[in-house]
Amino acid sequence: MKTLAIYSNKGGVGKTAAAVNLSYIAAANGMKTLICDLDPQSSATYYFRVKPRIKAGVQGFLKGGKKVYKSVKGTDYENLDLLPADFSHRKLDVSFNRFKRSNNRLKKIIAPFKSEYDLIIFDCPASISTLAENILNTVDCTLVPLIPTPLSVRTHQQLLSFCNKRKFDLGRIYLFFSMVDGRKKVHHDLMTDIAGNFQGVLPVIIPYLSLIEKMGIYREPVAAFAPKSPATRAYGDLWHKLEEVLFFYS
Amino acid sequence: MRNNLKFNLSGGHSERELIRALAQQYTIKKQSDGTERHAFYDTFDWRLFNKSLVLFTSGNRLYLRKLYKNSLIENIDIKVVPVLAKDFPKGRLKDRLLPIINMRALIELVVLSSRLTLYQVLNQDEKTVARLFFEKIHLSNAGNPKEIAAYLWLKPVKGYLKYSQNLTKRLEESGLTLERNADLLSIAMQVTGQKPGSYSAKLNIPLNPEMPANEATKTILRFLLQIIKTNEVAIEHDRDTEFLHDFRIAIRRTRSALGQIKNVFPQETTERFKRDFAFIGKLSNDLRDQDVYLLNEAAYKSMLPLVLRDDIEPLFDYLKKERSKSFRKVVTSLKTDRYRRIIRDWESFLNVPYHAAATEQNAGLPIIDLASIIIYKQYRRALKSGNRILENTEDEMLHRLRITCKKLRYLIEFFSGLYPRKKIERLIRQLKKLQDNLGDFNDLCVQEEYLLFMAQNLPLTSRQSKNTLVAMGSLIEKLNTKKQIIRKNFPKTFNNFSSPQNQQFFIELFVLKLKKALS
């Protein structure tokens with residue numbers, strides 16, 4: 001089993017859209033996939049038309065075991081299951097801190113899924129916190145969507161120096177460009193810059209497209225309701241690059 | 001509850017009415033319909049069926065499942081199903097199939113077409129909470145496609161089991177029953193009149209202990225003739241090498257029965273058919289030899305050091321050419337008047353019923369007595385000849401012991417129906433260990449000789465020739481090392497076989513019974 005986090009310490013960068021579409025594409029390629037919605041806003045859960053509720057709430061989640069296992073819902077797509085978010089996930093951070101060795105808690109929680117899934121994708125909330133540490137500690141690979149703007153670059157540098165301090169393996173952090181507006185010169189210039197200065201930049205661009213926003217109306221992954229669209233193609237490219245990272249290099 | 005549920009629809013329930021009834025309570029959306037082609041595969045001797053496995057394609061995927069079970073063991077994408085297991089793509093399916101099917105060809109048993117209509121059951125968020133499949137299955141390729149089964153599948157969605165439980169209740173209320181004990185393959189086999197498991201090259205001959213020996217021997221020989229005739233027609237299609245192999249074994253067993261079950265038929269008849277079957281056996285000697293070498297191609301290559309692996313290629317190329325020549329010869333020879341006449345005469349001889357007035361010495365003896373005598377005698381012979389080898393180590397004597405043991409094995413198998421099954425199985429297990437040792441030794445001797453012979457006769461261009469000869473030399477050396485190891489194991493294997501317990505076992509099974517019968 002491989003684990004992948006879609007993470008960013010900045011909000012509104014297209015994390016959930018990427019998580020939902022990547023999980024859909026992975027499942028369609030025959031992988032038993034679980035998408036874990038860790039964001040109390042529960043957008044991924046909403047996209048899959050599932051009620052945002054976990055048995056026994058945040059306490060049940062942290063305890064792990066049966067309660068979490070039984071909260072998993074089948075999505076409308078073959079091979080793809082969802083562990084819904086719960087509104088109480090907003091307290092995840094505080095609650096993690098109550099455990100000894102709190103940074104390893106998430107690892108324990110997902111242990112029972114190991115035999116059942118080929119891939120687990122975490123859709124993470126935007127923050128640098130105990131939850132973020134847990135995630136970075138748990139996953140094989142962290143994927144950061146980056147809008148090519150100066151502010152985003154700054155936030156990403158914050159993340160990298162945080163990871164450096166905590167001695168996380170920077171080699172397992174990957175970047176891709178998200179919500180790129182092809183008409184903006186600043187986007188183009190920054191992309192060249194970033195590709196030169198940061199490690200782990202995947203050569204994939206997810207453009208800024210209203211079709212991706214329409215996911216909220218259709219409540220389906222783009223790849224499901226518009227399988228031939230440029231958006232789907234872009235997510236497909238992203239998946240192929242990730243596949244190489246997850247399964248061939250490691 | 002997580003598993004798919006299958007309801008039988010053959011009781012005349014219509015899809016439209018069922019959906020209409022359910023729609024009063026649930027939101028139901030038709031998702032798709034389509035037709036799928038399913039083809040089922042097994043070997044001629046039902047190797048998968050005998051292991052309770054079902055191999056079938058559906059669209060472009062190949063699936064393996066247990067008989068009477070719906071859950072899949074393995075599945076892969078595939079366009080054309082390979083005939084031989086060795087040609088399957090690398091993976092778990094191949095690893096699973098290869099030891100079972102071995103060198104046998106997969107044959108398409110039956111093709112079905114199934115019409116599938118898929119409905120989704122939705123909740124108020126329009127989330128799918130269960131799926132319903134209507135499946136109507138027809139025999140494909142038949143001129144008048146006949147519906148052989150109709151099912152309604154209920155596929156639960158994880159996390160929404162309540163919906164499926166309620167749907168199950170509803171469906172059962174409307175008179176549907178869960179189908180648990182029918183396998184589509186069995187249904188299709190019944191409709192097409194095929195009998196899974198009907199062919200096996202193993203001997204399983206029902207004999208009555210009191211039968212006159214003449215009649216019992218004819219029963220055995222008729223059983224063998226059936227195997228000969230079944231395989232003879234298939235040899236020509238050349239789907240795999242085992243049709244010829246089974247054919248040859250049946251011929252050899254026939255010869256062995258004629259030679260060993262003495263004085264049950266008129267002398268001149270026995271002599272004539274012994275000659276005839278020796279003739280038939282010889283027809284395919286070359287072909288079988290070449291088959292064996294080609295079957296072992298991969299094993300031979302793996303014995304060679306990497307640098308020599310390609311150099312052995314000319315040998316196999318030559319063998320392949322020779323094999324197709326031999327194959328054509330065999331096919332023609334099985335159509336000759338002489339062959340046909342032998343089989344025809346043999347069949348009419350076997351069909352003559354037993355006459356109480358038969359004058360041959362053993363013809364009227366109860367078969368159990370005759371069988372016990374000749375099996376025990378043959379066992380003594382094997383013991384004597386083995387003991388002599390322990391003192392003296394000539395290859396030739398090992399060869400002779402191998403033949404003696406083979407005759408013993410055939411006898412035990414002919415008459416296995418007369419004795420307690422468990423005991424016979426134990427005997428055969430013991431004997432098989434010794435036979436394997438002797439057989440491996442003999443195979444290696446023959447291969448060594450053959451390679452030497454080929455080294456003299458292989459037509460080679462000068463550039464290849466030296467390396468090819470080196471490769472063959474290396475192979476001979478490897479074979480020789482193996483031979484020495486096997487030779488070393490002989491005393492231990494034989495001592496197990498000739499242990500006092502085992503001797504006692506033979507005596508109890510064959511001699512004591514006989515004494516009881518005679519007294």
### Summary
Of the candidates B:PHE56, B:PHE44, the one satisfying the condition of being assigned to a strand (DSSP E or B) and within 42 Å of the chain's Cα centre (by Cα) is B:PHE56
### Task
Only one of these is within 30 Å of A:PRO227 (Cα to Cα), in contact with a Gly (Cβ under 8 Å, 6 or more places away or on another chain), surrounded by 18 or more Cβ atoms within 10 Å (Cβ to Cβ) and not basic (Lys, Arg): A:VAL68, A:VAL72. Name it.
A:VAL72
### Message
One residue is enough: does the stretch A:76-85 have a residue meeting the conditions among the acidic types (Asp, Glu), touching a Phe, Trp or Tyr at 6+ places or on another chain (Cβ under 8 Å), under 30 Å from B:LYS155 (Cβ atoms) and assigned to a strand (DSSP E or B)?
### Response
yes
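Being touching an Asp or Glu at 6+ places or on another chain (Cβ under 7 Å), surrounded by 15 or more Cβ atoms within 10 Å (Cβ to Cβ) and part of a strand (DSSP E or B), is that true of even one residue in the stretch A:102-124?
yes
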### Summary
Of the residues in the stretch A:187-199 that are among the polar types (S, T, N, Q) and part of a helix (DSSP H, G or I), the one that is modelled with the lowest pLDDT is A:ASN197
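Output the number of residues of the stretch B:193-217 satisfying the condition of being more than 28 Å from the chain's Cα centre (by Cα) and of a type outside the set (A, V, I, L, M, F, W, C).
Count: 5.
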### Message
Please count how many residues of the stretch A:142-186 are of a type outside the set (A, V, I, L, M, F, W, C), outside any helix (DSSP H, G or I) and within 15 Å of the chain's Cα centre (by Cα).
### Response
4
### Matching residues, the stretch A:29-43, being closer than 21 Å to A:ILE135 by Cα and either away from chain B (no Cβ under 12 Å) or free of Cβ contacts under 8 Å to residues at least 40 places away in the same chain (or both)
A:THR33, A:ILE35, A:CYS36, A:ASP37, A:LEU38, A:ASP39, A:PRO40, A:GLN41, A:SER42, A:SER43
### Task
Could you check B:LEU171 against (1) part of a helix (DSSP H, G or I); (2) at positive phi and say which number it fails?
(2)
### Query
With (1) without any contact (Cβ under 8 Å) to a residue 12 or more places away in the chain; (2) crowded, with 19+ Cβ neighbours inside 10 Å; (3) aliphatic (A, V, I, L, M) as the list, and B:LEU306 as the residue in question, which single condition is left unmet?
(2)
### Query
Counting just the residues of the stretch A:44-75 that are assigned to a helix (DSSP H, G or I) and touching a residue at least 60 places away in the same chain (Cβ under 8 Å), which one comes out nearest to the other protein chains (Cβ to nearest Cβ)?
A:TYR46
### Query
How many residues are away from every other protein chain (no Cβ under 14 Å), out of contact with any helix residue (DSSP H, G or I) (no Cβ under 7 Å at 6 or more places or on another chain) and under 16 Å from A:ASP37 (Cα atoms) when one looks only at the stretch A:76-106?
2
### Query
Is one or more of the residues making up the stretch A:77-93 free of Cβ contacts under 8 Å to residues at least 60 places away in the same chain, over 19 Å from A:ILE135 (Cα atoms), out of contact with any Pro (no Cβ under 7 Å at 6 or more places or on another chain) and surrounded by fewer than 23 Cβ atoms within 10 Å (Cβ to Cβ)?
yes
### Task
Identify, from the list B:LYS136, B:LYS94, B:LYS158, B:LYS69, the residue that is surrounded by 15 or more Cβ atoms within 10 Å (Cβ to Cβ) and under 28 Å from B:LEU176 (Cα atoms).
B:LYS136
### Task
Check A:GLY216, A:GLY200, A:GLY182 and return the single one that is of a type in the set (Gly, Ala, Ser) and within 14 Å of chain B (Cβ to nearest Cβ).
A:GLY216
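The values are calculated or read from the model by the stated rules, or taken from the named source; none is laboratory data. Values in this document were obtained by computation on a predicted structure and should not be read as measured data. In this analysis, Cβ positions are derived from the backbone assuming ideal geometry, glycine residues included, and neighbour counts consider all displayed protein chains.
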